[in-house]
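The values are calculated or read from the model by the stated rules, or taken from the named source; none is laboratory data. Small disclaimer: the values here were computed from a predicted structure and weren't measured. Quick reminder, even Gly has a Cβ in these numbers, built from the backbone with ideal geometry, and neighbours come from all protein chains shown.
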Amino acid sequence: MNALHPAPLTRDAFRAEILRHLTYTVGKDASHASLYDWRMALSFALRDRIVTPWFHATRRTWAEDHKRVYYLSMEFLIGRILEDAAINLGLREVAAEALADLGQDFATVAATEPDAALGNGGLGRLAACYMESMATLGCPAYGYGIRYEHGLFRQEFENGQQVELAEDWLSQKHAWEFERPECAYTIGFKGQVETQRGRSVWVAGESVRASAYDTPVVGWAGRWANTLRLWGALPTKRFDLARFNSGDYAAAAESETLARTISRVLYPEDATYQGKELRLKQEYFLTSAAIQDILRRYLDSHSDLRALPAKVAIQMNDTHPALAGPELIRILTDHHGIGFGEAVEIARACLGYTNHTLLPEALERWSTWLMGNVLPRHMQIIERIDEDHLKAHPKRPHYVGIVKHHEVRMGELAFISSHRVNGVSALHTDLVKARLFPELDALHPGRIVNQTNGITPRRWLRMANPRLATLVTEAIGAGWEDDLDRLAGLEGHVGDAAFRERFAAAKRANKAETADWIRRATGTTVSPDAIFDVQVKRIHEYKRQLLNLLHTIAVWHDIRQNPNANHVPRVKIFAGKAAPGYVVAKEIIHLINDVAGVINADPATRDLLRVVYPPNYNVSMAERLIPAADLSEQISTAGKEASGTGNMKLSLNGALTIGTLDGANVEIRDHVGAENFFLFGLTAEEVLERRKDPDHARHAIMESQMLQDVLQMLAEGRFSPGQPGRYHGIVDRVWNHDYFLVASDFASYCAAQRAVDAAYQDGDGWSRKAAINTARMGFFSSDRAIRGYMRDIWNTGSAL
Ligand code: 26V
C-alpha cells in the first residue's frame, strides 16, 4: 500500500463508508433515506477515494515542477459522474454489493443523478473525454470553464414541436465539487485606458468576481486525478445594507443580479454566431479568471515570466477563449513590464488553438465597437498584434488580418496568437489549410497540424455497454480500457462462429432493453429484431436529418406500394435538440414527429417500419441508444462536419456506418475497411462542383421518381392533414435552395440503404462486420488523441 494505491476497499468497509456519509454528511437515517440521500452518501464515499490520487497528483506535479496543461473551454458536456468515477476507481462492483447490503440498487440510485450538461454537443463532449484521458495518462492538467447555473435546456415536444425548459441541475447538491471561496479573481469590463508612468493602465468601469469550484476528474484505475475548475460569478460590491434597510430590496440586490447573470446560462447556439454582449463577457470572464489563476500558480514557484512556456501550455477549445492571447499579453506588459513583442512571443509559445468548425456562420466575429467598449485595453492590444503581424509579413494580402470591416475575427486572432493550430480530423485539417486559413498557412507553414478526435473507451464502452465490454474482456483479456489498440485482438475471434453469436446476443440484449425504454419514453412499441437505425446529434441542416427522413418516407411509400416485396424491418431512431432560434431545424423536428405519428399509426406498415424520436437527447440518452444501434447515420454534406465523435462511439459499439466522406468518417472507413462501411454521396470537392449548377436540385429530383413522390406527399400535407401547407417551406427549400445537397445525394443514399437491408438479412455476416467495426476502432481512443496533443502541441510528457 502506498499513496497511490490505498488498501482495496472491501464490501463491508465500503458499506460502512456509505452509512457514515448518510448519517454525518447527509444527515439522514437509513430507514428514512430517499434515493437522493443514498446517491449523495454513495457519491461522497466515492469522492473520498478520489482525494488520495488527486492529492498525490498535485504533490507530484509540484515536486517535479512538471509542465501543466490548461484546457480552456466554454463547454464541458460531462453527463453523469457517479458510475464513471466508480468504474475508474475499480469500485463499481464493490459499490453495488455494498448498496445491495443496504437494500439499494446501484443502477436505480445512479439513474437519479442529473446530467452535468454544461455544453451543447460535440465540442463540449470532446472536452469531457479529453479531461478523462489526461487523467488516465497522468498528464498534469486543469480544465477551466464556467459553472453555469442552467446547463443546456431540457427539450419537450408539444404537438410535435420543440419547447425548451430551463434545466436546473444545481437545484440538487452537486456532490462532486469542492467550493473554493478563497480562490477568486476580479474580472473587469468597460472603463478606459490611462497612461501612468509610461505604461498603459486599464481602469475598468465594472467588475465581477470569479470564484472557483473544483471537481476532481479521476482517470482509469485511479492512478491520477486532475482538476476541472469551473468559475461562478459573484458581485464585487458588498451587499448594499443601507439600501436594503431603507426598503429598496430590488436595488440592494442589483449588483448581485448583474454579476450572477454572467454564469447564469449556457448559450444554446452551436453553429450560428450572434454578437451578444453577454456572450463576450462570459468568454472574457472565463479567460481572464483562467489566465490570472495560471499566472498566480506559476509565480508561486517561479519568478521569470519569460520562462513561462516551459511550464505552461494553454489550449483554446475553439475561439471562445481566444482572448487568452490579449489577456496574457496585457498582464505581461501592463503589470510586469515586459516589452510588447516579447510578451507576444511568450504568449504564442504557450498557446494552442483547436478549430472545430468551418461553417462561416459559426465563426466568431465581434464588432470593434463592442470589443472596444467592453474591453478597451484588449481592443488596443488586438490592433497592435495585427499591425505587428502585418509588419513582420509585409506580403500578407490586404484582405487578411484580425481586424477587418470593423470586426475582430476571432479565428485569425487565435491563429496568430498560437504556435499550433489544429483541426479535428484529417479531412478537416486539410480544409482548414485549403479553405479557412490558406494565406496564414502559407505565412506560417507547419503551424497547422491535425489531431483527429477521440472518445474515452471507459465511458463509451466499458460503462455504456457492459455486455459487450464483458465479452471483449473474456475474448482478449483485461487491459483494453487504457490500451484500446488491443481491440485488434478481437479479429482473431471474429472467425469463430460462437464468438459471433455471443457478439450478436449482446447487441440483441441491448436492443431488447432499449426497446422497453423506447416504449416508456415515446409510447411506441418497437421490435428488437428490426434494424435499429440511429441518428443522434444536434439538429442541423448540414447534418441532414432531412435526408434520413425523406428516405424514411420513401421506405413507407414503398412498403405500401409493394406490400409483398421482401422488406427488412427497421426502426428509425432520431434524437437531438435544435438551437431555440434555429427556425429551420425546428421545422425538421416538427416534421420528424409528424411523420412518426402517421407511419406508426399505419396498420399496413406497422411490422416493418417505426419512427421514434425520444425527447431531450443528452449524454445519458446517448449511453442508452448507442449500444443498441445497428446502423450509424453519419450523413452530413461532405466538407461540413469537422469530425464527429458520435460516429466513433457507434462504430466502437458494433454499429455499421452509413456515411459520406466527411470528417472522421473518412478515417473510420479506412480503419474498419470499405467492405464494413456503407459509403454514399458526393465528396467535399464534388459538392463544390455540383453547387456551380444552379439547377442541381431540380436535376436530381427529375431523375428520381421516388424523390418526386416523397416531395409530393409532403407538399400535399400527408403528414400534416390539419395544416396541409405546413411543410411547403421545406419542399421549396429542397427544390430551390438546396444548399446542403439533399436532393443530389438522395439516390446514392437510398442505394446504400438497400445495401444495408441486404447485408442485414445475412445475420451472421452482419455480426461479422459489426464485430470487425469494434475490433478496428482502437485508433479512436481519446488517449491516442491526447498523446498527440502532448507530443505535437503541448510538448509535455506523462508524470506517471
Ligand atoms: C460556436 C458558437 C458560436 C457562438 C455561440 C456559441 C457557440 C458554441 C459553439 C460553437 C462552435 C461549435 C463547433 C462544434 O461544436 N464543432 C463540433 O466539434 C466537434 C468536436 O471537435 C466535432 O466532432 C464536430 O464535427 C463539430 O461540429
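Just the residues that are within 16 Å of the ligand (Cβ to nearest atom) and either of a type outside the set (Ser, Thr, Tyr) or over 14 Å from the mean Cα position of the chain (by Cα) (or both), please, taken from the range 72-85. Within the range 72-85, 72, 74, 75, 76, 77, 78, 79 qualify.
Of a type in the set (D, E, K, R) and within 16 Å of the ligand (Cβ to nearest atom): does that describe residue 709? When the stated conditions are applied, residue 709 does not pass them. Looking at the range 6-121, none of the strands (runs of 3 or more DSSP E) lying wholly inside it contains 3 or more residues that are touching a Lys or Arg at 6+ places or on another chain (Cβ under 6 Å) and touching a residue at least 12 places away in the same chain (Cβ under 8 Å). Scanning the range 153-182 for residues that are under 19 Å from residue 217 (Cα atoms) and touching a residue at least 60 places away in the same chain (Cβ under 8 Å) yields 173, 175, 176. For the range 224-250, a residue qualifies if it is touching a His at 6+ places or on another chain (Cβ under 9 Å) and not in a strand (DSSP E or B), and exactly one does: 224.
The rows are residues; the columns are (1) over 20 Å from residue 756 (Cβ atoms); (2) over 15 Å from the mean Cα position of the chain (by Cα).
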{"site": "597", "(1), (2)": "yes, yes"}
{"site": "605", "(1), (2)": "no, yes"}
{"site": "608", "(1), (2)": "no, yes"}
{"site": "640", "(1), (2)": "yes, yes"}
{"site": "643", "(1), (2)": "yes, no"}
{"site": "646", "(1), (2)": "no, no"}
{"site": "651", "(1), (2)": "no, yes"}
{"site": "661", "(1), (2)": "no, yes"}
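Of all residues assigned to the range 313-322, at least one qualifies as being within 24 Å of residue 211 (Cβ to Cβ), at pLDDT 95 or above and more than 16 Å from the ligand (Cβ to nearest atom). Of the listed requirements (1) among the charged types (D, E, K, R); (2) away from the ligand (no atom under 16 Å from the Cβ); (3) farther than 25 Å from residue 152 by Cβ, residue 624 misses just one: (3). Give me the residue from the range 108-130 that is among the hydrophobic types (A, V, I, L, M, F, W, C), touching a strand residue (DSSP E or B) at 6+ places or on another chain (Cβ under 7 Å) and near the ligand (Cβ under 9 Å from one of its atoms) and, out of that set, nearest to residue 462 (Cα to Cα). The qualifying residue nearest to residue 462 (Cα to Cα) is 127. Going through the range 243-260 one residue at a time, which ones are among the charged types (D, E, K, R) and more than 16 Å from residue 189 (Cα to Cα)? Passing the criteria: 243, 248, 254.
In the range 729-742, the qualifying residues are those that are within 29 Å of the chain's Cα centre (by Cα) and part of a helix (DSSP H, G or I), and the one that is surrounded by the fewest Cβ atoms within 10 Å (Cβ to Cβ) is 730. Reported count of residues in the range 759-795, each being without any contact (Cβ under 8 Å) to a residue 40 or more places away in the chain and in a helix (DSSP H, G or I), is 2. Restricting attention to the range 271-288, does a residue exist that is surrounded by 15 or more Cβ atoms within 10 Å (Cβ to Cβ), more than 16 Å from the ligand (Cβ to nearest atom) and at negative phi? Yes; the residues of the range 271-288 include at least one that is surrounded by 15 or more Cβ atoms within 10 Å (Cβ to Cβ), more than 16 Å from the ligand (Cβ to nearest atom) and at negative phi. None of 720, 798, 781 is farther than 24 Å from residue 567 by Cα, over 30 Å from the mean Cα position of the chain (by Cα), modelled with pLDDT of 95 or more and surrounded by 14 or more Cβ atoms within 10 Å (Cβ to Cβ) except 720. Where strands (runs of 3 or more DSSP E) sit wholly within the range 385-461, those with at least 3 residues that are farther than 30 Å from residue 655 by Cβ occupy 407-409. The number of residues in the range 339-362 that are more than 16 Å from the ligand (Cβ to nearest atom), in contact (Cβ under 8 Å) with a residue 12 or more places away in the chain, over 21 Å from residue 287 (Cβ atoms) and not in a helix (DSSP H, G or I) comes to 0.
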